[in-house]
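The values are calculated or read from the model by the stated rules, or taken from the named source; none is laboratory data. Just so you know, these numbers come straight off a predicted model, no measurement behind them. Cβ placement follows ideal geometry from the backbone for every residue including glycine, while neighbour counts extend to all protein chains displayed. We work out accessible area using only protein heavy atoms, side chains counted, and drop any ligands, DNA or RNA first. Shrake-Rupley method; radii C 1.70, N 1.55, O 1.52, S 1.80 Å.
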Amino acid sequence: MGMFYSDMRKLITRILDKFYFYPVNRIVPYVTFRYAACGGMNMLLDWTLYFILYNFILRKQNLDLGLVVISPYIAAFIIVFPITFFTGFWLNNNIAFHGSPLKNGVKLSRYLLVVCVSIFINYFGLKLLVEHFHLYPTPSKIIVTLAATAVSYFSQKHFTFRKHSAVK
């Protein structure tokens, strides 16, 4: 199975390298380009799985678990989240920030922490902009997503997948 992941990493890296050309390579650092590409791939996976689950598997119906009933859009989110969490971690660990000397368990727990911070920024940022500043939800979501993405990128680069371990 390790050979499959190694081959997949090499294939994805080769494909990304084909898109890293002038003028992109003059403006965007390579690690930032990889991070954006991996995030974009994971976001497309997230949207696709969510669409399929919500529309065709849950059929826009509540999910009745006996003790609790979950709305279909939240149920789809709950089901998709662990999948895209792990694919996002794999892409960041093996493509965007490949080469970090930290152990995978440390990186995974740090990745979870950064994802939780991102969820927190999204939730409270939307509440702040929409409910307190009375901005429209869509522009608010764009602003909050940009802020969360910036925080996530710098956190992943300098905390989760940093190149040098502070402990020697």
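Other residues with beta-carbon under 9 Å from the beta-carbon of Ala96 carry, at +1 per Lys or Arg and -1 per Asp or Glu, a net charge of +2. Applying 1/(1 + (r/R0)^6) with R0 = 41 Å to the Cβ-Cβ distance of Phe21 and Asn55 gives a FRET efficiency near 0.65. To the nearest 10, the accessible area of His158 is 110 Å² with a 1.4 Å probe.
In the set (1) 30, 21, 18; (2) 24, 21, 15; (3) 39, 17, 14, the label that goes with semi-axes √(5λ) of the Cα gyration tensor in Å computed for this structure is (1). Estimated purely from DSSP H runs of n ≥ 4, each contributing -39500 (n - 2.57), the mean residue ellipticity at 222 nm for the chain is -21500 deg cm²/dmol once divided by its residues.
Computed on segment 58-121, with alpha-carbon pairs under 8 angstrom and 6+ residues apart, the relative contact order is 17 percent. Working ranking of peptides 59-71, 6-18, 75-87, 138-150 by packing, defined as the average number of other Cβ atoms within 10 Å per residue, highest first, is 75-87, 138-150, 6-18, 59-71.
Pairs from the list Lys10/Lys107; Lys107/Lys157; Lys10/Lys103 with a Cα-Cα gap above 19 Å: Lys10/Lys107; Lys10/Lys103.
By accessible area, using a 1.4 Å probe on protein heavy atoms only, the chain has 72% of its surface on carbon and sulfur.
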